[in-house]
1. Find the centroid of the Cα atoms in the range 1-32 and in the range 66-143, then give the distance between the two in whole Å.
2. With +1 on each Lys and Arg Cβ and -1 on each Asp and Glu Cβ, how big is the dipole of the chain about its Cα centre, in debye rounded to the nearest 20?
3. Local charge sum around Gln133 (other residues, Cβ-Cβ under 15 Å, Lys/Arg +1, Asp/Glu -1)?
4. Using a simple charge model, +1 on the beta-carbon of Lys and Arg, -1 on the beta-carbon of Asp and Glu, nothing else, what dipole does the range 57-137 show about its Cα centre, in debye to the nearest 20?
5. Over the range 55-168, what percent of the accessible surface lies on carbon and sulfur atoms, probe 1.4 Å?
6. Return one whole number: the accessible area per residue of the chain in Å², for a 1.4 Å probe.
7. Any chance you could give the angle, 0 to 90 degrees and rounded to 10, that helix 68-89 forms with the longest Cα principal axis of the chain?
8. Could you state how much accessible area Phe168 has, in square angstrom rounded to the nearest 10, with a 1.4 Å probe and all protein chains kept in place?
Amino acid sequence: PNPALTEFFWQMIEVALLCDATRVASLSFGNTAFRFAMPWLDAPIIENVDTGEQNVRDHHSHTHAGTRDTVGLFMAWYAQRIADFITRLGTIQPDGSRLLDSTTVLLVSEYGSGGPHTNTGCASFVFGNAGGQLACGRHLALEDDATRTHGLMVGLAEATGVVGVDQF
């Protein structure tokens, strides 16, 4: 990702929600195993990766051959972009409202563990309360299976007024 372009996309989503031009938006930091070179993070070079790459410093290679600290460089960058977006949604508007009060943001990771690409232990985070439909300030430890993730998505769809969805 390019920092300026990433910020532009977050701002586009915010403006689209504020103007009610859309009720749904999606932003992905890339696809599966995308090799983001993020030179502004100054991640160390990895000489050999189990996927065959050599002398690389991209995010994907660090999930395979880096350390918790080096993977943390990348994850902290992503997390800060998301935190900035959520903070802006929580800003009080001229009419006294906050966009976060009528919005729901779902943040998911496609992997529970980057190296082996497991699909268990994947964290999900929900921000906002869907116009009062969701209780806030909670931590839910759901069982680790796809049924729970699908149930979360169905529940979010229902909370935002979508009817007739019973599976994802």
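The values are calculated or read from the model by the stated rules, or taken from the named source; none is laboratory data. This one's a predicted model, so the numbers in the text were calculated from it and none came from an experiment. Virtual Cβ from ideal backbone geometry, glycine too; neighbours counted across all protein chains shown. For the accessible areas, the whole protein counts, side chains as well, though only heavy atoms, and no ligand, DNA or RNA atoms are used. Shrake-Rupley method; radii C 1.70, N 1.55, O 1.52, S 1.80 Å.
1. So the separation of the two Cα centres works out to 14 Å.
2. I would put it at about 240 debye.
3. Neighbour charge sum, excluding Gln133 itself: 0.
4. That gives a dipole near 100 debye.
5. Summing carbon and sulfur atoms, their accessible area is 54 percent of the total for the range 55-168.
6. In whole numbers, the chain has 64 Å² accessible per residue.
7. With rounding to tens, the tilt is 20 degrees.
8. Taking all protein chains as shown, Phe168 has close to 120 Å².
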